[in-house]
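The values are calculated or read from the model by the stated rules, or taken from the named source; none is laboratory data. Treat the numbers as computed from the prediction; the structure is a model and nothing was measured. Counting neighbours? That spans all protein chains shown, and the Cβs are built from the backbone with ideal geometry, glycine included.
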Amino acid sequence: MAQKKYILPTIILAQFACTSPWFAGNAIIDKLLLKTGLGVELVGYVISSVQFGFITGTLVFALLMVADRVSPSNVFFICALLAASCNLYLLSDVMTTKGLILARFGTGFFLAGIYPVGMKIAADYYEKGLGKALGLLVGALVLGTAFPFVLKGSHLNENPNIIIGTTSILTLLGGAFLFFLVPNGPFRKKSSHLRLSAGFGLFKIPNFRKAAFGYFGHMWELYAFWAFTPFAIQSYNSLSGAEISVPLWTGIIITLGAISCALGGVLSQKYGSKTVAFVALFVSGICCLASPLFFQSNSLLFLGGWCLWGMAVTADSPQFSKLVATAAPAQLKGTGLTLVNCIGFAITIGSIQLLATFSQAIAPQYTFLVLALGPLFGLWQLSGHKND
């Protein structure tokens, strides 16, 4: 069935715009705490509260089968409005500790109605070529994640309010554009009955289980890599005497992941989603194991290795989502995607906390080796998946 040409670009732009608040608070956390007078001991709580919010939101949305029972475009729009509202709280001059943490938690919670729901909308429109569509869509998510860091690395760094204001406006516009331009897709099958255990029952399907477990291995690595890339660059500067810009190169490294997502989507048309995911996961695992060597290299090789890792660590994400979506029954695609996101992001809390502990206990060049456990587990699970 031929689709209107503006549908996919609109979903992609909306996904980019509406996920930009995800790391907005993280990018300006130092200035945010300085502005409010709140203690630096809150840094970890502020950063992790977004993750906890997203995990809570995806669990609630999955249990209630929101994306399969309610128009996903409506869900996307309402959550965009609420996420933008939570993000705008960071502009307040009378911010409290509780208010700051709740605002970041709320941002994460309502992002649960944006990221997985955006993938559900794409699945409702693209029965064929879903791997390519999701590659572009997750690439937009990655770009939205990097956007606050790119802004921080520019001259706008001096005014953190611009970063918050820009990401909030983008979120409002993205939600509105998708709501008005993207109606329910032709392949959408609505679930008429609420079944609280329906999502977990999907794990009885072998291909769904293998794809989901492969995704969990990928998630063990991904967000810890993103969260600690600034630490890696700072540590390299300290060890080598280099002066690499931390926010600028963090933004560049994450942005390259958007390109690899799109490229992986294109390659999946020829080689299949399983193959693309397997190769990307293998390369990122090699980068994990080679990370101590990156710290002993010159600046060019260090940045080259980290950029390669930044591309490999994201390229498999949309292909895992495609494998999950195609393994789930049509009337439970949204629930399946949301639940797998929920568990995957819960896993990121463990790997991020483990890296935080290691960063204080061992030499920085060896900190990232533990991330190799994720690719190893993911490759093992993916090898048992039947070809899509």
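Looking at Ile28 and the list (1) at pLDDT below 85; (2) surrounded by 18 or more Cβ atoms within 10 Å (Cβ to Cβ); (3) closer than 24 Å to Val138 by Cβ, which single condition is not satisfied? Just one mismatch for Ile28, condition (3).
Out of everything in segment 73-104 that is in a helix (DSSP H, G or I) and in contact with a Ser or Thr (Cβ under 6 Å, 6 or more places away or on another chain), what residue ends up being modelled with the lowest pLDDT?
Step one: list which residues in segment 73-104 are in a helix (DSSP H, G or I), which gives 73-91, 97-104.
Retained after the next criterion (residues that are in contact with a Ser or Thr (Cβ under 6 Å, 6 or more places away or on another chain)): 80, 83-84, 86-88, 101, 104.
Numbers: Ala80: 96, Ala83: 95, Ala84: 95, Cys86: 93, Asn87: 90, Leu88: 90, Ile101: 86, Arg104: 89.
So, considering only residues that are in a helix (DSSP H, G or I) and in contact with a Ser or Thr (Cβ under 6 Å, 6 or more places away or on another chain), the one modelled with the lowest pLDDT is Ile101.
Scanning segment 119-134 for residues that are basic (Lys, Arg) and farther than 15 Å from Ala327 by Cα yields one hit, Lys132. Exactly one residue among Ser235, Ser268, Ser240 is closer than 25 Å to Ala325 by Cβ, out of contact with any strand residue (DSSP E or B) (no Cβ under 9 Å at 6 or more places or on another chain) and polar (S, T, N, Q), and that residue is Ser268. If only residues of segment 255-274 that are surrounded by fewer than 23 Cβ atoms within 10 Å (Cβ to Cβ) and touching a residue at least 60 places away in the same chain (Cβ under 8 Å) are counted, the one that is nearest to Phe16 (Cα to Cα) is Thr255. Do we have Gly374 as assigned to a helix (DSSP H, G or I) and either without any contact (Cβ under 8 Å) to a residue 12 or more places away in the chain or farther than 30 Å from Pro206 by Cα (or both) here? No: the conditions fail for Gly374.
Can you name the residue in segment 74-102 that is small (Gly, Ala, Ser) and surrounded by 24 or more Cβ atoms within 10 Å (Cβ to Cβ) and is also farthest from Thr58 (Cα to Cα) among such residues?
Residue satisfying both the conditions and the ranking: Ala84.
Applying the criterion of being of a type outside the set (Ser, Thr, Tyr) and assigned to a loop (DSSP other than H, G, I, E, B) to the residues of segment 56-72, the residue that is farthest from Ala122 (Cα to Cα) is Leu64. Checking each residue in segment 193-209 for being part of a helix (DSSP H, G or I) and either of a type in the set (A, V, I, L, M) or at pLDDT 95 or above (or both) picks out Ala198, Leu202. Assessment of segment 221-229 against the conditions (part of a helix (DSSP H, G or I), under 16 Å from Leu301 (Cα atoms) and either under 23 Å from the mean Cα position of the chain (by Cα) or touching a residue at least 40 places away in the same chain (Cβ under 8 Å) (or both)) yields at least one matching residue. Filtered by the rule that a residue be in a helix (DSSP H, G or I), surrounded by fewer than 24 Cβ atoms within 10 Å (Cβ to Cβ) and of a type outside the set (D, E, K, R), segment 115-132 gives a lone residue, Tyr125. Scanning segment 286-327 for residues that are surrounded by fewer than 23 Cβ atoms within 10 Å (Cβ to Cβ), in contact (Cβ under 8 Å) with a residue 60 or more places away in the chain, among the β-branched types (Val, Ile, Thr) and over 19 Å from Lys120 (Cα atoms) gives no hits. Within segment 284-334, the residues that satisfy the criterion of being under 30 Å from Ala198 (Cβ atoms), more than 22 Å from the chain's Cα centre (by Cα) and in a helix (DSSP H, G or I) are Ala330, Gln331. Which residue is surrounded by the most Cβ atoms within 10 Å (Cβ to Cβ), if the candidates are limited to segment 55-71 and must be in contact (Cβ under 8 Å) with a residue 60 or more places away in the chain and over 19 Å from the mean Cα position of the chain (by Cα)? Filtering segment 55-71 for residues that are in contact (Cβ under 8 Å) with a residue 60 or more places away in the chain and over 19 Å from the mean Cα position of the chain (by Cα), the one surrounded by the most Cβ atoms within 10 Å (Cβ to Cβ) comes out as Asp68.
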